[in-house]
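Working notes for the structure below.
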Number of protein chains: 2
Amino acid sequence: MGFRIGQGVLDLAAHGLGAVFASPSLNPFLALGRSAWEDVLDRIDERVKGGADLVPLELATAHLPFTVGDYVDFYSSLEHATNLGRLFRPDADPLLENWRQLPVGYHGRGGTVIASGASVLRPCGQAKGPEDDSPRFGPSRKLDFELEIGFVVGVGSRRGNPVLGATFRDHVFGIVLVNDWSARDIQAWEYQPLGPFLGKSFATSISAWVTPLGLLESRFVPAPIQEPEPLPYLRVAGDWGLDVDLEVELSGNVVSRTNSRGLYWTMPQQLVHATVNGASLQTGDLFASGTISGSRSGSEGSLIELTWNGAHPIRLGDGSTRTFLEDGDEVVLRGRAGEVELGEVRGTILPARSLG
Amino acid sequence: MGFRIGQGVLDLAAHGLGAVFASPSLNPFLALGRSAWEDVLDRIDERVKGGADLVPLELATAHLPFTVGDYVDFYSSLEHATNLGRLFRPDADPLLENWRQLPVGYHGRGGTVIASGASVLRPCGQAKGPEDDSPRFGPSRKLDFELEIGFVVGVGSRRGNPVLGATFRDHVFGIVLVNDWSARDIQAWEYQPLGPFLGKSFATSISAWVTPLGLLESRFVPAPIQEPEPLPYLRVAGDWGLDVDLEVELSGNVVSRTNSRGLYWTMPQQLVHATVNGASLQTGDLFASGTISGSRSGSEGSLIELTWNGAHPIRLGDGSTRTFLEDGDEVVLRGRAGEVELGEVRGTILPARSLG
């Protein structure tokens, strides 16, 4: 288990930072809680200032950094929710009545969260477009990425004990970048009335690095004004917008640039909401923001928005165009919070396998 | 870890059935696979015929029998889906166009699956009825049970390898009874467009006993005819209706009696569908049927159906009436497959806690 510093990695177990880092998973460390997290960050700082040897980044092996418990995905970008509403429900108000009252979210599949670098097979599934008489089965024709940030629970909570906003930092260790791969044709056909299922559950990629909240303190800024004001249980004191510059690279071309500070619902609001019914937390639970889209053209965090469901293909540097992802495409998500570079999320699309 | 025989329990570790049963969780045994499962059933049979001592059932402690991985909940009862469609979307076709083409399902919260006997706190949450000008926060006023059967994955699968129907018994160890507690007012307000979230995630109770498929072979019967015929990937040879008599007792009164053989979508179809996109399985994954309702009055598996969303209260033996669950109510689900009694699911409603 290592701590990344620029292009080098500090081997935490080898440098005496605790036997807990001999584990192949961060979970035992995550469960120790905030004072242990802060203590380790201080001691890492000492080691680095003392000139500790670093392993070159290219020699470190990327793994899934923690064992994922439950995975929840929110829908916290006003711009993304509005865009998707227009595309999926063209005859209705794009933003449903509940959207500004609570952070809409759903459970994804924790068991298919994978580390940056793992390839993604094009999923097969059932779809039926408006032009089809009956559903068809086959490889998805609308494979997409979603640019998201997720937070990782270190210290769990017991059933029946909602987590209050003021204790967010006692439960949450840090953040990861998330690519919530999505098959839009499968999703559009299956998602009513119980939400996304197979259109999302084939793979969700996260960065191999978890960035501790302790390294991001200077990046918390005021979040957007919420109108109407949310119910009292969702009011969390402090500045919880997170100023992280984000970009999406598609086969060598930057196709989107945005920033997470524009998200309407903040991380503490998401956590308060997800536990206000008494749901417990466990070490390794992952809560993702939902696709992060800005309001400017070129700041949308998914292809379905960037190409308006394929109606306006984007052009790449080699002259080719894309509506959705093609086999062989590589997607890289990157994030930077001032001096702190978040671990990238990289994945290449492999052709669908036939059944059998 | 024990094996239940009527009103007694065989202590598996003490009777030399394997060190794997010294674990507090069935997961290590589940991961061993079908030949080990069958071998242990044979050896249990020998021990019982040999007159092995049994622990009286009332002296055994009920635990969560396995560590739950991902929890998926389907919507496989035609009668239930039709009833809920009428109640939640009165102005539209009750059954959406996709329902007869694929087993609709979604991911629930694996971390809040609890064992029979654990109490359930009335959840708080946000709701807004058609009569409300704005959303309110408070204890759920429409707390409900859902009668379900779930199957438990023993042997996992790797990402990119869909599970075929013919290998269902190689992956699935057995079944549990499931009470998927539901707060209907929270659910109704939150569930569009991404599906149920806090209305379900506060608790899901399962039986403390997992009934091996190997003990249910004689109970598989033809399932209902499916019209239209599903796509080829969903056609599974054999009889997969499961003939289990089910009942729901509410504070001492049997309020529903039904049978799981009437479920439209079968367990192998559910598993094939859930993995056809390449999603992997892991030991302990739980797949529940969705509420099991029959077509006769008194065969509905939830109060929202039995009381038609509270419009027609049911009367209990003590003269009181119920629309939804009241604090202090105890719900017991029971199942019987011929000679085989499935473990019950018992839970009592405790009053909501205030926040803070």
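The values are calculated or read from the model by the stated rules, or taken from the named source; none is laboratory data. Computed from a predicted model, the values in this text were never measured in an experiment. Virtual Cβ from ideal backbone geometry, glycine too; neighbours counted across all protein chains shown. Only protein heavy atoms, including side chains, enter the accessible area calculation; ligands, DNA and RNA are left aside. Shrake-Rupley method; radii C 1.70, N 1.55, O 1.52, S 1.80 Å.
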* Counting just the residues of the range A:60-92 that are free of Cβ contacts under 8 Å to residues at least 12 places away in the same chain and more than 21 Å from A:GLN270 (Cα to Cα), which one comes out nearest to the other protein chains (Cβ to nearest Cβ)? -> A:ARG89
* Among residues of the range B:27-52, those that are in contact with a strand residue (DSSP E or B) (Cβ under 8 Å, 6 or more places away or on another chain) and either open to solvent by less than 40 Å² (accessible area, probe 1.4 Å) or in the same structural domain as B:VAL176 (by TED's automatic domain parsing) (or both), counted -> 5
* Structure fact -> Log entry, pairs with first residue in the range A:1-28 being in a loop (DSSP other than H, G, I, E, B), second being aromatic (Phe, Trp, Tyr), beta carbons closer than 7 Å, six or more apart or on different chains, reads A:MET1/A:PHE21; A:LEU12/A:PHE3; A:LEU12/A:PHE21; A:ALA13/A:PHE21; A:SER25/A:PHE66; A:LEU26/A:PHE66
* **Subset tally (residues that are touching a Gly at 6+ places or on another chain (Cβ under 8 Å) and over 13 Å from A:LEU215 (Cα atoms)) for the range A:35-54** => 1
* Of the residues B:VAL113, B:VAL55, B:VAL20, B:VAL72, which is β-branched (Val, Ile, Thr), touching a strand residue (DSSP E or B) at 6+ places or on another chain (Cβ under 7 Å) and not assigned by TED's automatic domain parsing to the domain that holds B:ASN277? -> B:VAL55
* Yes or no: A:GLU217 under 30 Å from A:THR321 (Cα atoms) and open to solvent by 20 Å² or more (accessible area, probe 1.4 Å)? -> no
* Restricting the search to the range B:154-195, which residues are of a type outside the set (D, E, K, R), touching a helix residue (DSSP H, G or I) at 6+ places or on another chain (Cβ under 6 Å) and surrounded by fewer than 24 Cβ atoms within 10 Å (Cβ to Cβ)? -> B:VAL155, B:PRO162, B:GLY165, B:PHE168, B:GLY174
* Filter the range A:42-95 down to residues that are among the hydrophobic types (A, V, I, L, M, F, W, C) and over 23 Å from the mean Cα position of the chain (by Cα), then give me how many there are. => 7
* Go over the candidates A:ARG336, A:ARG315 one by one and state the one that is under 20 Å from A:LEU250 (Cβ atoms) and either out of contact with any Ser or Thr (no Cβ under 6 Å at 6 or more places or on another chain) or outside the structural domain of A:GLY165 (by TED's automatic domain parsing) (or both). => A:ARG336
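Picking from A:SER218, A:SER205, which residue would you name as being assigned by TED's automatic domain parsing to the domain that holds A:HIS80, in contact (Cβ under 8 Å) with a residue 12 or more places away in the chain and assigned to a strand (DSSP E or B)?
Of A:SER218, A:SER205, the one residue that is assigned by TED's automatic domain parsing to the domain that holds A:HIS80, in contact (Cβ under 8 Å) with a residue 12 or more places away in the chain and assigned to a strand (DSSP E or B) is A:SER205.
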* Listing of strands (runs of 3 or more DSSP E) fully contained in the range A:283-356 that carry 1 or more residues being away from chain B (no Cβ under 14 Å) -> A:330-337, A:340-350
* Determine which single condition A:ARG100 fails, assuming it passes every other condition in (1) surrounded by fewer than 24 Cβ atoms within 10 Å (Cβ to Cβ); (2) more than 7 Å from every other protein chain (Cβ to nearest Cβ); (3) part of a strand (DSSP E or B). => (3)
* Taking the range B:139-186, which residues are away from every other protein chain (no Cβ under 12 Å), aliphatic (A, V, I, L, M) and either within 12 Å of the chain's Cα centre (by Cα) or not in a strand (DSSP E or B) (or both)? -> B:LEU147, B:ILE149, B:VAL152, B:VAL155, B:ILE175, B:VAL176, B:LEU177, B:VAL178
